[in-house]
1. Cα gyration tensor of the stretch 131-232, axes a ≥ b ≥ c as square roots of the eigenvalues: rounded (a/c below 1.5), prolate (a/b > b/c) or oblate?
2. To the nearest 20 debye, what is the magnitude of the charge dipole of the stretch 113-160 about its Cα centre, counting +1 on the Cβ of each Lys and Arg and -1 on the Cβ of each Asp and Glu?
3. Could you run the Karplus curve 6.51 cos²θ - 1.76 cosθ + 1.60 with θ = phi - 60° over the stretch 226-237 and give me ³J(HN,Hα) per residue in whole Hz, x for Gly and Pro?
4. How much of the accessible area of the chain, in percent, comes from carbon and sulfur atoms when a 1.4 Å probe is used?
5. Report, in whole Å, the centroid distance computed from the Cα atoms of the stretch 1-67 and the stretch 130-169.
6. Using a Cα-Cα cut-off of under 18 Å, which lysines could be cross-linked to Lys347, ignoring same-chain neighbours fewer than 8 residues away?
7. For the pair Leu75 and Met23, how long in nm is the line joining their label points, each one 7 Å along Cα→Cβ?
8. For the chain, the longest stretch holding no chymotrypsin sites (Phe, Trp or Tyr not before Pro) located in a DSSP loop with at most 15 other Cβ atoms within 10 Å is which?
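The values are calculated or read from the model by the stated rules, or taken from the named source; none is laboratory data. Model, not experiment: these values are computed from the prediction. Methodologically, a virtual Cβ is constructed for each residue, glycine included, from the backbone with ideal geometry; neighbour enumeration extends over all protein chains shown. Surface areas here come from the heavy atoms of the whole protein model, side chains and all, with no ligands, DNA or RNA. Shrake-Rupley method; radii C 1.70, N 1.55, O 1.52, S 1.80 Å.
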Amino acid sequence: MKKANGHEIIQLFEQFSPKAYAMEGDPIGLQIGSLNQKVSKVMVALDVLEEVVDEAIDQGVNLIIAHHPPIFRPLKKLDSDTPAGRIYTKLIKHDIAVYAAHTNLDVAKGGVNDLLATALQIKNTEVLVPTYEIPLMKLAVYVPVENEEAVKQALGNAGAGALGDYSHCSFSSEGNGQFLPSKEANPHIGQPGTLEKVKENKIEVIFPSNIEKKVIKAMLAAHPYEEVAYDLYPLANQGEVLGLGRIGDMKEMTLAQFAEHVKAVLDVPSVRVVGDLQSIVKKVAVLGGDGNKYYAKAKMKGADVYITGDMYYHVAHDAMQAGLNIIDPGHNVEKVMKSGVAEYMKKKCAEKGLEVEFIASKVHTDPFTFV
């Protein structure tokens, strides 16, 4: 196993939750400290409170990956006598870096909203509020006939040619290749200084642009030629749409029964409910954090109930009059990301042979107590 540095860990994390997914103006990325250091232990946290920082110090943590950015607005000064100043000072003194992934982690596949939907047992989910589209690209590569299957397999294994429920999709056409190796060349076919004509097949595959480097690397590794001829095209076809929230199907039950289900699976003592408790719930929308401005999307897409936090009084009235049930379990239910991200990163680092430990913060950061 190899010792990891902060840059290697964050590069892996950003393959899962790229910065490009974040909403405009969201203060994400490295906020405190440096990634240019060896990292043996990472803690995943929802909030970076002083108690969380103390936990990180006690646990020997080098890096915190947080969902809520500790520096949400620009700092005018760093006063270590203030509550926020004490947090920043402790982090700097103990050389603990803090990296924030906020709305990009909400949008990411397998991120906050998918984790909430999975916990709630919502099936057949789709994006509630589209915010980002991954562009599609096409690769065309020319390969000797006898090497075609090996190259296609490598492309498919790298994720190219994945269309819906199908993988390793491609199209091949026959043709003739021609090349003249120089005297310094080491050709796979033919001799230096001799014009060579070869039966070749052209392989065409489509892939999302965010895996371009991986696809090209796999293709080059499998291709027999010293110099590979290939073309890349941007496509106008619609790519995968990502966004905030999820909506899907739920086992039929009353709103009252579903509210109890939400309390149990999201581990909250109570929820606020808007609507007729005896109404039937079959289609559910969920959006972690403050989802006030998206209730109309949930209604438009046919949700029987919308689960989100921080519901405002007058917005609740608007939803009620629109005939949309609401369950507000609070903002803190986004805590599902702690164990979810820690497990994902533990697996990815193990695959890369990186020796690093991931833990989920155990500090309870919900400021509200129900009495």
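1. It comes out prolate by the Cα gyration axes.
2. The calculated dipole for the stretch 113-160 is roughly 120 debye.
3. 3J(HN,Hα) across the stretch 226-237, in whole Hz: 5, 10, 9, 8, 8, 10, 10, 10, x, 10, 8, 4.
4. On the chain, the fraction of accessible area on carbon and sulfur atoms equals 51 percent.
5. Their Cα centres are 32 Å away from one another.
6. Hits, sequence-local ones excluded: Lys2, Lys3, Lys41, Lys109, Lys338.
7. Placing both labels 7 Å along Cα→Cβ, they lie 2.5 nm apart.
8. 73-311
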